[in-house]
Amino acid sequence: MEIIFILVEPEEPENVGAAARAMHTMGYNTLRLVRPKADYRSEKALALAHGSQHVLETAQVHDSLATAIQDCDLACAATARHRYEKHHYTSVRQLPDYLQAKGEWLHRIAIVFGSERSGLKSADIDVCDLLVTIPQHQLQPSLNLAQAVMVFSYVLSAEQTQVQITDQRLNSEPMPSAEYASLKRLLQQLIVRVGLPERYQGYVLRGVARLGREDLYVLHKLRAAFDHALDRAAIGKENP
């Protein structure tokens, strides 16, 4: 099932860039623009799309929403406005289940957003199949355009995304063997110094062997602090 995000008459390049970034972080890369008022390839837009500039560079531009969704099986209008016409509103929380229930009948889905100032016009609503809203604690203020795109992107991809558990910090590489050997030696000395029973010493050192680099550095800081405190205590005893 392919998800396409469509922005109708977006006015701010920053919002278009931020929307592209929100989409890409959740695994979506197809963006279509209808009568954009914003320069979606400007420096401001590209800066907010950080790491997702390709979404802007490959975005299609259409003169009408009808042409933008003509190859889609279902068009979902994202709206926070109460409209005078009678409509059935679906919560964005329910949208994944709704789409899943359609199964193989749906191949390409359009999620349609209106402009920052006025949202979707009634004429654009009329060509969509489903009205979807983000439940809010208060009716005002409504979400920013890029924020709304982020919510939809996240909800639709919740089962496909994963927590970033890979350590991307600068010190994520294994601790050098010489440095680890030094830490182990100093830790053994500290263990003896504080009088840890011998039956626990091997258990502690084996536990240290299972630690990653970041944890080893934390342990190294603690060891140094303990040694410093013990040195000060020893000096205090010598010079009461």
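The values are calculated or read from the model by the stated rules, or taken from the named source; none is laboratory data. Here the structure is a predicted model, which means the values were calculated and not measured. Heads up, the Cβs are rebuilt from the backbone with ideal geometry, glycines too, and the neighbour counts pull from every protein chain shown. In case anyone asks, the SASA skips ligands and DNA or RNA and just uses the protein heavy atoms, side chains included. Shrake-Rupley method; radii C 1.70, N 1.55, O 1.52, S 1.80 Å.
Go ahead and collect, in residue order, the members of region 186-206 whose backbone nitrogen is under 18 Å from a label point 7 Å along the Cα-Cβ direction of Arg223.
186-198, 200-206
Kindly report, to the nearest 10 Å², the accessible surface of Ile125 as traced by a 1.4 Å probe over protein heavy atoms only.
Answer for Ile125: close to 10 Å² accessible.
Working from Cα positions, state the angle (0 to 90°, nearest 10) between the long axis of helix 213-238 and the longest principal axis of the chain.
40
In whole Å, what is the distance between the alpha-carbon centres of region 180-240 and region 24-94?
Cα centroid to Cα centroid, the span is 57 Å.
Over the chain, what number does the Rg to Rh ratio reach, with both radii from the alpha-carbon atoms and Rh per Kirkwood?
1.28
What residues have an amide H closer than 5 Å to that of Val132, excluding those fewer than 5 places away on the same chain, when H is modeled at 1.01 Å from N in the peptide plane?
Close amide H contacts, sequence-distant or interchain: Ala77, Ala78, Thr79, Thr90.
Given Cα pairs under 8 Å that are at least 6 residues apart, what percent is the relative contact order of the chain?
About 21 percent, as a whole number.
Could you tell me whether region 1-76 comes out rounded, prolate or oblate from its Cα gyration tensor? Rule is a ≥ b ≥ c as square roots of the eigenvalues, rounded for a/c under 1.5, then prolate if a/b exceeds b/c, otherwise oblate.
Taking the square roots of the gyration eigenvalues as a ≥ b ≥ c, region 1-76 is oblate.
Can you give the accessible area of His228, probe radius 1.4 Å, in Å² rounded to 10?
Per-residue accessible area (His228): approximately 110 Å².
Sequence gap of 8 or more, or different chains, plus Cα separation below 26 Å: how many lysine pairs satisfy both in the chain?
Working: Lys37/Lys121; Lys86/Lys102; Lys86/Lys121; Lys184/Lys221; Lys221/Lys237.
Count of close lysine pairs: 5.
Quick one: grab the alpha carbon gyration tensor of region 183-240, order the square roots of its eigenvalues as a ≥ b ≥ c, and give me rounded if a/c is under 1.5, else prolate or oblate depending on whether a/b is larger than b/c.
Details: a/c = 3.86, a/b = 1.65, b/c = 2.35.
Taking the square roots of the gyration eigenvalues as a ≥ b ≥ c, region 183-240 is oblate.
Kindly state, to the nearest 0.05, the FRET efficiency for Arg93 paired with Gln70, given R0 = 25 Å and r defined as their beta-carbon distance.
That pair, Arg93 with Gln70, gives E of 0.30.
What number, rounded to the nearest 500 deg cm²/dmol, is the helix-based mean residue ellipticity at 222 nm of the chain, given -39500 (n - 2.57) per DSSP H run of at least four residues and division by all its residues? Write out the running numbers ahead of the final one.
Working: 10 runs with 109 residues, N = 240.
Result for the chain: -13500 deg cm²/dmol, rounded to the nearest 500.
Restrict the search to region 1-56; then list the trypsin sites (Lys or Arg not before Pro) that DSSP places in a loop and that have at most 12 other Cβ atoms within 10 Å of their Cβ.
Answer in residue order: no site qualifies.
With every protein chain left in place, what is the accessible area per residue of the chain in square angstrom, probe 1.4 Å? Present the calculation step by step, with values, prior to reporting the outcome.
Numbers: 15180 Å² over 240 residues.
The answer is 63 Å² per residue.
Out of all DSSP beta bridges with both ends in the chain, state the antiparallel percent to the nearest 5.
Percentage antiparallel, nearest 5: 5.
Measure nothing but the geometry: give the 0 to 90° angle between the long axis through the Cα atoms of 177-193 and the longest principal axis through the Cα atoms of the chain, rounded to 10°.
Taking Cα atoms only, the helix is inclined about 50 degrees.
Rank Ile6, Gln53, Leu130 by how far each Cα sits towards the positive end of the charge dipole of the chain (+1 on Lys, Arg Cβ; -1 on Asp, Glu Cβ) and give me just the farthest.
Going by the Cα projections, it comes out as Gln53.
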